[in-house]
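A.B. asks: Please find one structure pasted underneath; my questions will follow.
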Amino acid sequence: MGQPSIQEIEKSLQEWQFLQQLPKEVAGFELREGSGIEGQILNIASYVNEASHCRLDLTYTGETFDYVPVKKVGLHIFRDDRFFCRDREKFAALMLAHLPEIIADIDRNQKHGMSYETEVQHFSDWEAWKALPEKIGGFERFITPDNPLTYINGSIIFLDYTDFSNGNQLFFLYNTFRDELFAEIKKGYLPLTTESFNAKNLAELTNLLTDKLEPVLSQLEK
C-alpha cells in the first residue's frame, strides 16, 4: 500500500485527537490553526509570538512523507531534524512531550548561551559588538552574541540585522565544524552569498564590521 496523498492527510486532521490535546499557549506562543497545503507542505498547526517575530510550525511534507517541526526566527526558517517522524502518533507524542523545549530554543525572550564549541573564538571576551548601532536605516539588530541562535549544519547565528518590512537581512555565523566566521544576506527574502565578512577571528571581523557594516546595509536597502 502506498503513502496517502497530502490531501488525504489534510482531511484526516479533522479526527486527529492530537490537535485537541495541544496547549493553547506555551511560554507566550499562541496556538493557531493550520493554514493548509502550500505545494508539498501541509501546515497542521502553529505556535506564534508576533512581537518577537518567532513561530513554530507543525507540518507534514509530501516530499519525504515526514511530520516535521519547522522553526522560524525572524527570517530564519529551518527544520528541527531531531523530531522528523513518519508515524503520526509517534510525532504527536514527541510534540506533546517536547513542545516547551522546542519553543524555548526559538524564544528570543529567553537567553541562549554560546556552546562550548565556540570557546576557541573567545566570544565571551568580544565586547566590540556592543558598540554597533541598534538600528541602521530600516534594519534593526535582531540577534546578538549574548543571545545567539543555534542554526543548521553546525552553525550558530551570533549577529543579525533585519529589515522586517522588506525582507532584507544581513546575518553573521560561526561554523563550529570549520572554525569559520562569515556572513549571509537576504534581499527581498531571497538568500544571497557574500564574502565581505569572511574572517579568521573576531578581531578581524571587528575591523570588517567597522569598515563595511553600514555601507553593505545601505546597499542592501536600495
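The values are calculated or read from the model by the stated rules, or taken from the named source; none is laboratory data. Only a predicted model underlies this, so the values are computations on that prediction, with no experimental measurement involved. Here the Cβ is made from the backbone with ideal geometry for all residues, glycine too, and neighbour counts use every protein chain on show. Each accessible area value is taken on the protein alone, full model and side chains, heavy atoms only, with ligands, DNA and RNA left out. Shrake-Rupley method; radii C 1.70, N 1.55, O 1.52, S 1.80 Å.
A.B. asks: Report, in deg cm²/dmol and to the nearest 500, the calculated mean residue ellipticity at 222 nm for the chain, where each DSSP H run with n ≥ 4 adds -39500 (n - 2.57) and the sum is divided by the residue count.
C.D. replies: Details: 4 runs with 50 residues, N = 222.
The helix contribution divided over the chain gives -7000 deg cm²/dmol.
A.B. asks: Compare the Cα positions of V48, L209, A93 along the charge dipole of the chain (+1 at Cβ of Lys, Arg; -1 at Cβ of Asp, Glu; about the Cα centre) and return the one farthest towards the positive end.
C.D. replies: Checking the options against the dipole of the chain, the answer is V48.
A.B. asks: In region 73-222, with Lys and Arg counted as +1 and Asp and Glu as -1 at Cβ, which of these residues, W126, Q110, I77, has the Cα nearest the positive end of the dipole, that is, farthest along it?
C.D. replies: I77
A.B. asks: In addition: For the chain, what is the accessible area per residue in Å², given a 1.4 Å probe and the full set of protein chains? List each step's numbers first, then the result.
C.D. replies: On the way: 11920 Å² over 222 residues.
That works out to 54 Å² per residue.
A.B. asks: Pulled fully out, how much extra length does the chain show between D146 and A203, if you take 0.36 nm times their separation in residues and subtract their Cα-Cα distance?
C.D. replies: 18.8 nm
A.B. asks: With springs connecting C-alpha atoms under 10 Å apart, model the chain as a Gaussian network and identify which of H76, H98, H122 has the largest mean-square fluctuation.
C.D. replies: H122
A.B. asks: Please state the charge dipole magnitude for the chain, taken about the Cα centre, from unit charges on C-beta atoms (+1 on K and R, -1 on D and E), reported in debye and rounded to the nearest 20.
C.D. replies: Once rounded to the nearest 20, the dipole reads 240 debye.
A.B. asks: Just to confirm my numbers, what's the Cα centroid distance between region 121-165 and region 22-81 in Å?
C.D. replies: Between the Cα centres of region 121-165 and region 22-81 lies a distance of 24 Å.
A.B. asks: Given a 1.4 Å probe and every protein chain left where it sits, what share in percent of the accessible area of region 72-195 is carbon and sulfur?
C.D. replies: Looking at region 72-195 in its full context, I get 50 percent from C and S.
A.B. asks: Here is a further query. Report the FRET efficiency, 1/(1 + (r/R0)^6), for S12 and Q110, where r is their Cβ-Cβ distance and R0 is 35 Å, rounded to 0.05.
C.D. replies: Using R0 = 35 Å, I get an efficiency of 0.50.
A.B. asks: Using a ≥ b ≥ c from the Cα gyration tensor of region 52-177 (square roots of the eigenvalues), is it rounded, prolate or oblate, where a/c under 1.5 gives rounded and otherwise the larger of a/b and b/c decides, a/b for prolate?
C.D. replies: Prolate is the answer for region 52-177, as a/c is 1.5 or above and a/b outweighs b/c.
A.B. asks: Note the listed values (1) 1.67; (2) 0.99; (3) 1.01, then indicate which one is Rg/Rh (Cα atoms, Kirkwood Rh) calculated from this particular structure.
C.D. replies: It is the value labelled (3).
A.B. asks: Can you work out the Karplus-derived ³J(HN,Hα) for every residue in region 5-17? Use 6.51 cos²θ - 1.76 cosθ + 1.60 with θ = phi - 60°, whole Hz, and x for glycine or proline.
C.D. replies: Ordered by residue, 3J(HN,Hα) equals 6, 5, 5, 5, 4, 4, 5, 6, 4, 4, 10, 8, 4 Hz.
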